[in-house]
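The values are calculated or read from the model by the stated rules, or taken from the named source; none is laboratory data. None of these values were measured; they are calculated from a predicted model. When we count neighbours, we look across all protein chains shown, and the Cβ atoms used for this are built from the backbone with ideal geometry, even at glycine.
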Amino acid sequence: MKNLLKLFFFALCLALSSLAIAQDMDWKKATNYDKTAAKKQLIQRFTDYVTFDTQSNDQSTTTPSTPGQLKLAKALAKELKKNGATQVRVDKNGIVTALIPANQPTSAPTIALLAHMDTAMEVSGTNVKPQVHTNYAGGDIVINAEKKLILNSTNAPQLAFAKGHDIITASGNTLLGADDKTGVSIIMTLVQYLYDHPSFKHGPIKIAFTPDEEIGTGITHFDVPGFGADYAYTFDGSDIGQLTTENFNAKSFTVVFEGNRAVHPGEAMNSPFSDNLLMASDFHTLLPRQQRPETSAGRRGFILVDSITTDQNRSEINGIIRAFSDEEMNQLVAEVTRAFNTVKAMNYKGTGFSLSFKDQYKNMKAFLPQKVVDIASMAMTQEDISPRINAARGGTDGAQLSLAGLPTPDIFSGQYNIHSPLEYADVDVMEASLRTALRLVWLWGLQSAPMK
Ligand SMILES: [Zn+2]
């Protein structure tokens, strides 16, 4: 009975909200949206934020892992205050949070927009010098002639769809930081937009900028209940229309083989000699070749051995398993177990055998209410963008947040060739992402708070 009642209310909410959408309340009409002005702001912000060196460092024991991230955090907090945000805070881990209060009487849920401030470890983020290539005419884009760093149709195939767009690159000695300063710029431009256009009605919106996404540690300090959002979106993705609603399930495993190599090899036959090093290499060889990272793409998972360490009588193997479905994960766990048991059976003189698995993160799909995906898709569709549902072949901050109770899919933000000197941002795709974000908060403002 209780469920029936819930269902009835849910249907009522849906009917009411679609009624509201059907009314002519287009935010562009209400605010005279100006694409050129929006692009100008995005470029201004982005080219400023990338000059902050926010490269994270996995050898650091602090959060944020580098002081540059705190500098950017403070600058963003200042800018948020200037543009009407309240409850602006930078906590001791460098996490920036703020509230854009609702500007209408509303029972709408609180939605959150997130991006990360740090940049990848692979390439330096010191002294980034952005170059804006306006009105891309097609053909190659020279980033650095001396270093022969050139974007072309092979290393940047999506440029084929970027004619007339503004493209931003670095200058050859660094990465750009499009990952994820595109996301930061889009969200900050939205904040200013809402401040400048009070006729744009919306519900409560929370903002967060997080450190150390690239080394996976920043989000572990995020206080989900304290943040108080019902649903969230990260803006940390690539091409137009990309909507990431899935990521890998991830496990790690540790195998230990103990043997007895303290025997003179000349006298090893008919002795207690047992070779833990051979056991480790046999185990590695027995793992399925058709489910390695280099033989798997799309929705297919993999097993990878990360390290094999050996001292005299003990060999330890550390590896990872990645799979989208629980079914495939179970199958890959069974493959690892089978290889382990085979080695064990072949080496009866071994002195110790152990195998253990550890959960790392989960596919967020299981924790995403359909409505969170549907409203993001609708926001894109209403901006004439075809949503492309994407499954990330890795983990995301959103996955950790979803698991912790804050459903958080990811929306495209116009970053390409990330973690490399060939990284670039497409300002027109950033602008499409900004319109998606504005449409998103508009649509959420018409919804009712979740029934708990
Ligand atoms: Zn990122």
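List of remarks:
- Filtered residues of the range 315-355 (kept if under 18 Å from Ser274 (Cβ atoms) and among the acidic types (Asp, Glu)): Glu316
- Filter result (in contact with a helix residue (DSSP H, G or I) (Cβ under 8 Å, 6 or more places away or on another chain) and of a type outside the set (Val, Ile, Thr)) within the range 126-137: Pro130, Tyr136
- Positions within the range 361-372 being surrounded by 15 or more Cβ atoms within 10 Å (Cβ to Cβ) and either within 30 Å of Val333 (Cα to Cα) or assigned by TED's automatic domain parsing to the domain that holds Arg322 (or both), in sequence order: Tyr361, Lys362, Asn363, Met364, Lys365, Phe367, Leu368
- Those residues of the range 423-452 which are closer than 26 Å to Thr126 by Cα and within 16 Å of the ligand (Cβ to nearest atom), in sequence order: Glu423, Tyr424, Ala425, Asp426, Val429, Met430
- Test: residue in the range 349-364 that is touching a Gly at 6+ places or on another chain (Cβ under 7 Å) and closer than 23 Å to Trp444 by Cα: yes
- Check on Leu355, modelled with pLDDT of 95 or more, in a helix (DSSP H, G or I) and under 24 Å from Asn249 (Cα atoms): no
- Annotation: Asn93 fulfils all but one of (1) modelled with pLDDT of 95 or more; (2) over 30 Å from Asp426 (Cα atoms); (3) assigned to a helix (DSSP H, G or I); the unmet one is (3).
- Elements of the type strands (runs of 3 or more DSSP E) sitting completely within the range 196-295 and holding at least 1 residues that are among the small types (Gly, Ala, Ser), surrounded by fewer than 16 Cβ atoms within 10 Å (Cβ to Cβ) and more than 16 Å from the ligand (Cβ to nearest atom): these cover 249-258.
- Sole residue being within 16 Å of the ligand (Cβ to nearest atom), exposed (fewer than 15 other Cβ atoms within 10 Å of the Cβ) and not β-branched (Val, Ile, Thr), chosen from Glu146, Glu122: Glu122
- Any hit, the range 258-266, residues being among the small types (Gly, Ala, Ser) and in the same structural domain as Gln382 (by TED's automatic domain parsing): no
- Contacts under 8 angstrom Cβ, first residue in the range 393-416 being over 15 Å from Thr210 (Cα atoms) and assigned to a loop (DSSP other than H, G, I, E, B), partner β-branched (Val, Ile, Thr) and within 12 Å of the ligand (Cβ to nearest atom), 6 or more apart: Pro409/Thr234; Pro409/Thr244; Ser413/Thr182; Gly414/Thr182
- In the range 99-110 there is no residue matching the filter, namely being in contact with a strand residue (DSSP E or B) (Cβ under 8 Å, 6 or more places away or on another chain), under 30 Å from Asp58 (Cβ atoms) and outside any loop (DSSP other than H, G, I, E, B).
- From the list Thr134, Thr106, Thr174, the one residue that fits, being among the hydroxyl-bearing types (Ser, Thr, Tyr), buried (at least 19 other Cβ atoms within 10 Å of the Cβ) and either closer than 30 Å to Glu79 by Cα or within 16 Å of the ligand (Cβ to nearest atom) (or both), is Thr174.
- Note on the range 394-408: among residues that are more than 14 Å from the ligand (Cβ to nearest atom) and closer than 13 Å to Asn363 by Cβ, the one that is surrounded by the most Cβ atoms within 10 Å (Cβ to Cβ) is Ser402.
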